Each structure stands twice: as C-alpha cells, then as structure tokens.
1. In this model, which of LYS92/LYS185; LYS82/LYS192; LYS161/LYS192; LYS27/LYS54; LYS116/LYS185; LYS76/LYS135 are farther than 20 Å apart at the alpha-carbon?
2. Looking only at region 154-195, which residues have a backbone nitrogen under 20 Å from a spot 7 Å from the Cα of GLU80 in the C-beta direction?
3. Using a Förster distance of 35 angstrom, determine the FRET efficiency expected from the C-beta separation of GLU99 and TYR44, and round it to 0.05.
4. Please work out whether region 24-123 counts as rounded, prolate or oblate from its C-alpha gyration tensor, where a ≥ b ≥ c are the square roots of the eigenvalues and a/c under 1.5 means rounded, while otherwise a/b larger than b/c means prolate and anything else oblate?
5. With each run of n ≥ 4 DSSP H residues scored as -39500 (n - 2.57), what mean residue ellipticity at 222 nm is computed for the chain after dividing by its residue count and rounding to the nearest 500 deg cm²/dmol?
6. Taking +1 at the Cβ of each Lys and Arg and -1 at the Cβ of each Asp and Glu, which of LEU187, LEU169, LEU79 sits farthest along the dipole of the chain towards its positive end, judged by Cα position relative to the Cα centre?
7. Is the C-alpha gyration tensor of region 72-182 telling us rounded, prolate or oblate? Criteria: a/c under 1.5 is rounded; beyond that, a/b larger than b/c is prolate, otherwise oblate.
Amino acid sequence: MDKVTTEQKIIRAADNLFTQKGYAATKTREIADEAGVNLALLNYYFGSKENLYKKVVQEKFRMLLGAIGPVLSDEKVSLEHKITSITNNYTKLLLENEELPIFILNELTVNKEIFKDITENARVVAQPVIDKQLKERNIEMSAADLIVNTLGLTMFPFVAKPLIVSSGLVKEEEFVDYVSERSEKILEWIIKTTK
C-alpha cells in the first residue's frame, strides 16, 4: 500500500473543500485541519491558497486527460463517443468546480504555460487520429475545430452563468439540470454541423 505524503493529504483535503464550498469560501485553516497538518506546513508546501488551487486544478486536468486522452487517441473509438466523452467528463468536472472556468481563463491570461505540459501530449497523440477519422467520413472539419466546438458548447454556459442566471434565461436552482440536459444535446448539435 502506498504511503500518502503530506503534500498529497493537503491536495486531497483542498480538493474536497474546494468542491464542497468553492474556492472563495474555503479558508486555508480549514484545509490544514482537514488534512491533519498545521497551517505553517500548508504554507511551506504551497505558499498560498491560490497556489494550492492551481495544483488541485492541474491534478484534476491530469486525471481528466488521463480518462479521456486514451479515448481521443483510439482509432477504434467513434467520433460520436469521443464527443460524448469530452462533453460528459468536462460537464462533471465543471459542475464539481464552478469557479474553474473563470480561474482557468484568468490563469491563461497571466500564465500561458500553466496547462501546456498537461495538454500538449494529449493533443499530439489525439489530433492525427481525429483528423484521420474526420477525413474517412468526408467531414470537412479539422480536429481542432471539432474539439474547440465541443469544448465551447460544453464550457460556455459555465463561463456565462452569471449572465445566464441574472438575465432570467435559467434560474439558479435550475442550472445543474440545464447544463446536464444540454450536455446530452451537444453531440447532436456537433454532428448536424458536419453534414
């Protein structure tokens, strides 16, 4: 059995609390208490709540790409299954981490390299496979467009949630159902654009 390091305990505790309470409502003292460490140790490893959140987000992205990367790069997996996999996995991740889209956009503005190492390998392996599948089906769309369209349709409601809710398009208490139902339609919308 692998021994859990102090750093891993802190990351797990932070992930749990960020998921339950959100980034803004989570205090570093709560994370330290949940991890069973003192606050000085948390600061020693991460320096700030923001740095810890970045680490949690990077770990989530690694897990997410670990789950969908093999699907995207597998020639035997249909384009439809790839789109569904991206949509379902990202919707689940974003429902668990509402602050994530804005956080990522802010981080990409300030630190363009933050997700480069995480995403580049997946892209290098998956893009040629998806391009080949698109070409075999005579679909005039690049792998980049397919992935960007899928991510855009999946992620935009989370980024625009304040506008969507404040305008009355969707009530706050209906948002989870709205994005869940919407995620089931994304495949159909993408396939319609390829015909």
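Every number in this text was worked out from the coordinates using simple rules, so none of it is lab data. This structure is a prediction, so every number in the text was calculated from the model and none was measured. Cβ placement follows ideal geometry from the backbone for every residue including glycine, while neighbour counts extend to all protein chains displayed.
1. LYS161/LYS192; LYS116/LYS185
2. Hits in region 154-195 for GLU80 at 20 Å: 154, 181-195.
3. 0.90
4. Verdict is prolate for region 24-123.
5. Mean residue ellipticity at 222 nm (helix-derived): -25000 deg cm²/dmol.
6. Ranked along the dipole, the leading option is LEU79.
7. Here region 72-182 falls in the oblate category.
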